[in-house]
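Novice: Input: one structure, supplied below.
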Amino acid sequence: MSHEQESKEGAERRAAPKPAPVPSGDRAATSSTEGSTEWPLWEVFVRSRAGLDHKHCGSLHAADAKMAIHMAREVYTRRQEGVSLWVVRSDQIVASDPGDKDMYFDPMEDKVYRHPTFYELPDSVNHM
Amino acid sequence: MYTQAMDTQGRDEGAGDKPVRSVEEMQLQQRFDARIDDGGFIEAKDWMPDNYRKTLVRQISQHAHSEIVGMLPEGNWITRAPTLKRKAILLAKVQDEGGHGLYLYAAAETLGVSRDQLLDALHSGKAKYSSIFNYPTLTWADVGTIGWLVDGAAIMNQVPICRCSYAPYARAMIRVCREESFHQRQGFDSLLVMMRDGTPEQRAMVQDAVNRWWWPCLMMFGPPDDQSPNSAQGMRWGIKRVSNDTLRQKFVDATVEQAKVLGVTLPDPDLKWNAERGHWDFGAIDWAEFWRVVGGEGPVNRERLAERVQAWDDGAWVREAAMAHARKQRVNKEAA
């Protein structure tokens, strides 16, 4: 599961109950957080130790950013899983559309020359 | 725990086979089936059959409800834990259960239901939670026994879901399973101390707790395979990976050995090693009791749900105040 793929989940939360392939902006229309009594949804990213990326690890409901950070600590780092937290409102995440996956990502499939292994060099310099 | 969800809500009508389907929908279905067959994952925004979505919402939310309601029987003992060490352990465990409920609610929400809808279903009695939490925790030994047996059975159930085809659920389960092992071990440890160093009364208390929890734990795996009509579809979809009876047998086999170490007797005169099968045979389970408990007539169904509803209602002013505060902060910031 790639990092990028995981973090997309955020934008997927508010998908309509029957999400046909829809553009990533769909949540604005279906978001029920405004006017609802439900606390807004936040995506949580944890840096597990210095030197590593923040990685998406889940989501939670919180009234505001300060509370979201506090809750993230309680929910996602009870066993020292992190040294740093990011939270971002789920409805602020823009994601690519899985319906466009082939069109979007397949063009890279035949560009093998972008990888170092494409080039066969003489043994004596092959560690290059 | 999860296996009950497929069995306690009746059968799905027609498994989504609407008579008329568009060509596009059939292509999507084929692609979905192929991905399941390849052992691939389904992500939240991918196309999925309506019944796959419905089944998952039901199962994941019931699983979440079980974690949250499961805080009650043990929470009851936090103030009465015999030592500071046991109190700290129990607090951590109950907090974990709350966390597990939150991971699972979040996974269910990716399917397009809101947290409030899920909680409404629990509070109105429309959604179920595991039958096991409708039994009372009468003594301190019940707390250790829940850790050893109830969490032990839950782990058996949950490990296969780490490979569930629905990726957000699988990811939540990986996190849950990683934490759950501590729950079972602390329970066994607590019982072991009483059995090894305790008074005759304390040892009798442990045996009594095991007597009361053993059969309800076996019921946690859900009805026998031949009475589990939704299981086949769950297996086809890669939501369920191992059958109820297989998991139950695995649990019995593992637990018999642990009971010996502990020095307690499992309350089943028919429990016997079967060399031919390579498994322990065990006696008949009282399925009438199981269905009674699922139907709301267990020893403490009403108390559990009432306590849950009251906690939610009592918290309403906190939720509202937090939102009002957030709004005010926003307005102040915009004004500044």
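Novice: Using the crude model of +1 on Lys and Arg Cβ and -1 on Asp and Glu Cβ, and no other charge, please compute the dipole size for chain B relative to its Cα centre, in debye to 20.
Specialist: 960 debye
Novice: Hand me the trypsin sites (Lys or Arg not before Pro) from segment B:95-175 located in a DSSP loop with no more than 14 other Cβ atoms within 10 Å, in residue order please.
Specialist: B:Lys126
Novice: Which cross-chain or sequence-distant (5 or more) residues have an amide H under 5 Å from the amide H of B:His279, H modelled 1.01 Å from N in plane?
Specialist: Amide H neighbours of B:His279: B:Asn274.
Novice: Among B:Gly198, B:Leu262, B:Val242, which residue has its Cα positioned farthest towards the positive end of the charge dipole of segment B:164-305, with +1 placed on the Cβ of Lys and Arg, -1 on the Cβ of Asp and Glu, and the dipole taken about the Cα centre?
Specialist: Final value for the positive-end residue is B:Val242.
Novice: Just report the Cα centroid separation between segment B:23-90 and segment B:286-313, whole Å.
Specialist: Taking the Cα centre of segment B:286-313 as reference, the centre of segment B:23-90 is 20 Å away.
Novice: Starting from the 7 Å offset along Cα-to-Cβ, what nm value, one decimal, do you get for the label separation of A:Arg89 and B:Asp286?
Specialist: Going by the 7 Å Cα→Cβ label model, 5.5 nm.
Novice: Near A:Lys101, which lysines are there with a Cα under 21 Å away, not counting those fewer than 8 places off in the same chain?
Specialist: A:Lys8, A:Lys18, A:Lys111, B:Lys45
Novice: To continue, here is another question. So what's Rg/Rh here for segment B:186-241, counting alpha carbon atoms and using the Kirkwood radius for Rh?
Specialist: 1.28
Novice: Exactly which GluC sites (Glu not before Pro) in segment A:73-128 are in a DSSP loop and have at most 12 other Cβ atoms within 10 Å?
Specialist: Hits after loop and neighbour filter: A:Glu109, A:Glu120.
Novice: Would you please state which residues of segment B:51-67 a label at B:Arg163 would reach in this model, taking the label point 7 Å out along Cα→Cβ and a backbone N cut-off of under 14 Å?
Specialist: Counting backbone N atoms under 14 Å from the label point, the list is empty.
Novice: Please give every one of the aspartates and glutamates within straight-line cross-link reach of A:Lys55, meaning a C-alpha to C-alpha distance under 12 Å, and leave out same-chain neighbours fewer than 8 residues apart.
Specialist: Hits, sequence-local ones excluded: A:Glu4, A:Glu6, A:Glu43, A:Glu81.
Novice: Would you mind working out the magnitude of the charge dipole of segment B:109-230 relative to its Cα centre, with +1 at each Lys and Arg C-beta and -1 at each Asp and Glu C-beta, to the nearest 20 Debye?
Specialist: That gives a dipole near 260 debye.
Novice: Taking the alpha-carbon distance from B:Lys260 and a cut-off under 20 Å, which aspartates and glutamates remain once sequence neighbours fewer than 8 residues away in the same chain are dropped?
Specialist: B:Asp142, B:Asp151, B:Asp189, B:Asp197, B:Glu201, B:Asp208, B:Asp268, B:Asp270, B:Asp281
Novice: Pick from B:Val264, B:Val23, B:Val193: which is most flexible by mean-square fluctuation in a GNM of chain B where alpha carbon atoms under 10 Å apart are linked?
Specialist: Highest fluctuation of the listed residues: B:Val23.
Novice: Same structure, new question: Less than 9 Å Cβ to Cβ from B:Trp215, Lys/Arg counted +1 and Asp/Glu -1: what total charge do the surrounding residues give?
Specialist: With Lys, Arg at +1 and Asp, Glu at -1, the neighbours total -2.
Where a number appears in this text, it was derived from the coordinates with a stated rule and is not lab data. What you see is a predicted model; the values in this text were computed from it and never measured. When we count neighbours, we look across all protein chains shown, and the Cβ atoms used for this are built from the backbone with ideal geometry, even at glycine.
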